[in-house]
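Before any comments, here is the structure.
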């Protein structure tokens with residue numbers, strides 16, 4: 001993870017104000033992503049419809065960057081491209097499936113919460129990168145939180161949904177390692193992920209592999225427009241831009257740590273918006289996983305150079 005060396009500005013300096021505003025937008029947009037994905041059934045869209053909207057909107061807006069991205073892509077290694085593409089339709093469908101089986105709170109919590117765990121494990125297996133004791137304790141808290149989420153959810157479907165969301169976290173962790181090795185810039189990543197995912201989702205719809213209300217002409221246009229605004233523009237473009245602004249003005253550690261507040265906001269908003277209860281079991285899982293993510297982000301890295309190179313914010317999945 002790139003760390004920006006910043007002076008100690010006044011709390012009211014333009015840099016801090018701009019960075020704080022950008023960070024608040026990031027937390028809100030990430031929370032909106034989890035909430036809107038959980039609410040797919042209520043807005044009359046299938047998973048395939050949602051994928052088309054999610055990826056087609058940023059793809060269309062970034063059409064001018066396609067030629068430049070394709071030129072860079074010719075020099076990229078196929079294995080790295082495959083890892084980067086995991087952030088698109090594969091991750092989205094797993095994420096949406098898990099959201100369908102669980103609650104918005106667990107959807108917003110488990111995926112970002114498990115990414116640092118899987119990144120650390122994968123890097124240890126690949127490089128034998130040492131991890132500090134505090135980070136090991138943080139990872140232990142994340143594992144305990146996952147166990148609490150599975151044990152304290154009420155039914156089999158929710159337990160299965162926890163497993164699916166943990167799988168989505170693993171997919172994003174693998175993508176993270178590919179992202180560290182790609183020659184594409186952030187806009188290039190968004191372009192290639194958006195275009196490939198849109199084409200794949202349309203192919204699944206046209207061939208009848210996945211159902212579509214869009215193809216049948218029964219999708220609600222008002223809901224479709226709202227979803228396109230929240231997922232396509234909000235998650236696909238604005239959250240990425242705001243995250244970069246926040247990191248440059250506040251530093252990577254502050255931004256990544258504050259990003260862990262997104263699951264808390266998701267859980268609180270889901271109570272009045274989706275009528276989901278904030279149970280004691282969910283509160284325990286939230287406390288353990290969010291604490292683990294924060295400690296992991298702030299803890300010192302010990303002889304873990306490969307981990308530094310491949311790390312991104314542990315609270316930033318689902319934004320590619």
Suppose we filter region 120-134 for residues that are in a helix (DSSP H, G or I), surrounded by 15 or more Cβ atoms within 10 Å (Cβ to Cβ) and either touching a strand residue (DSSP E or B) at 6+ places or on another chain (Cβ under 8 Å) or at pLDDT below 85 (or both); how many remain? 3
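Can you tell me which residue among 229, 237, 278 is modelled with pLDDT of 75 or more and part of a loop (DSSP other than H, G, I, E, B)?
Working: 229 fails: part of a loop (DSSP other than H, G, I, E, B); 237 fails: part of a loop (DSSP other than H, G, I, E, B).
Checking each option against the conditions leaves just 278.
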Being modelled with pLDDT under 90, assigned to a helix (DSSP H, G or I), closer than 19 Å to residue 288 by Cα and more than 16 Å from the chain's Cα centre (by Cα) is the requirement here; does residue 148 meet it? yes
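A quick yes/no check of all residues on (1) in contact with a strand residue (DSSP E or B) (Cβ under 7 Å, 6 or more places away or on another chain); (2) part of a helix (DSSP H, G or I); (3) surrounded by fewer than 18 Cβ atoms within 10 Å (Cβ to Cβ):
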site	(1), (2), (3)
160	no, yes, yes
164	no, yes, no
183	no, no, yes
204	no, yes, no
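The values are calculated or read from the model by the stated rules, or taken from the named source; none is laboratory data. This is a predicted model, so every value here is computed, not measured. All Cβ positions, even for glycine, are placed from backbone atoms using ideal geometry, and neighbour counts span all protein chains on display.
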